[in-house]
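Heads up: the structure comes next, in structure tokens.
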Amino acid sequence: MSQASNNDSPKTPKSGRLLLRSPLIVALDVDDLKQALKLAEELHDVAGCFKVGPRLVFRYGEAIIQQLARLAPVFVDCKFFDIPSTMVASVRAAFAAGASFVTIHALAGADALDLIARLEEELRQTRPFQILNVTILTSWEDHRLPPNWIQQPIERHVQSLVGQVVAAGMDGIVCSPLELRFLANRDLFLVTPGVRLDRPKDTRGVCGDDARGGSAAHAEGTDLGS
């Protein structure tokens, strides 16, 4: 399978990747602080890290990040997508709160990616930290892409976005498990969301058995505590 093409030569991947004790990312997709902490206590022995999104972050702020960080690294998944300066400030705030992983949208463009790459390198001087670049949401399908986009298969869009991320000097990628077949052999930190114990909720997600059969570096599991 051909790889995404870049006009600029990719920069050498930076050191400072976070090494997790397990490839399983547990998504705490709940609204209540006590429930989130209970799940974290029960699952911290098997979890590589815990993911929190807007549902918990907007309710409890940095307190939820700090409490979870006592058990395992914390993945703040707010998918920042704004003007470059706002994205930089948002990532910096998440890092200051204790996050070890933060998501941004690769669609933000070359200027934003370049600034975020420089920020990642700066923050890694303090402690291990990983920016994760979201490519195409797993809920999207070929026929549901925005009408103003180039009409091509999603995997082509993913390849192009990965190329831009690598050209900026980053290596953290969020993609569907279905796209691992053309990304797994590259020197990337891969995260695959949409992995569930039963039938996937997202159109490009998979069940747990299928995810384990693939070659994802890290798989995000949901509904593990239900």
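Summary of computed values
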read-out	value
Test: VAL158 is part of a helix (DSSP H, G or I) and either buried (at least 17 other Cβ atoms within 10 Å of the Cβ) or of a type in the set (Ser, Thr, Tyr) (or both)	yes
Number of the exception - HIS44 against (1) open to solvent by 50 Å² or more (accessible area, probe 1.4 Å); (2) at pLDDT below 95	(1)
Qualifying positions in segment 12-59 - touching a His at 6+ places or on another chain (Cβ under 6 Å) and part of a loop (DSSP other than H, G, I, E, B)	PRO23
Criterion (farther than 18 Å from GLY194 by Cα and within 18 Å of the chain's Cα centre (by Cα)) met by exactly one of ALA47, ALA63, ALA69	ALA69
Matching residues in segment 74-124 - criterion: being open to solvent by 30 Å² or more (accessible area, probe 1.4 Å) and either modelled with pLDDT under 95 or among the acidic types (Asp, Glu) (or both)	ASP82, ASP111, ASP114, GLU121, GLU122
VAL191 being crowded, with 24+ Cβ neighbours inside 10 Å, in contact (Cβ under 8 Å) with a residue 12 or more places away in the chain and under 22 Å from ALA72 (Cβ atoms)	yes
Residues located in segment 161-195, provided they are of a type outside the set (Lys, Arg), assigned to a helix (DSSP H, G or I) and farther than 23 Å from VAL26 by Cβ	LEU161, VAL162, GLY163, GLN164, VAL165, VAL166, ALA167, ALA168, PHE182
Near pairs, Cβ below 6 angstrom, 6+ apart or cross-chain, from segment 159-188 (modelled with pLDDT of 95 or more) to any residue that is among the basic types (Lys, Arg)	GLY169/LYS11
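The values are calculated or read from the model by the stated rules, or taken from the named source; none is laboratory data. Predicted model only: the values in this text are computed from it and were never measured. In this analysis, Cβ positions are derived from the backbone assuming ideal geometry, glycine residues included, and neighbour counts consider all displayed protein chains. For the accessible areas, the whole protein counts, side chains as well, though only heavy atoms, and no ligand, DNA or RNA atoms are used. Shrake-Rupley method; radii C 1.70, N 1.55, O 1.52, S 1.80 Å.
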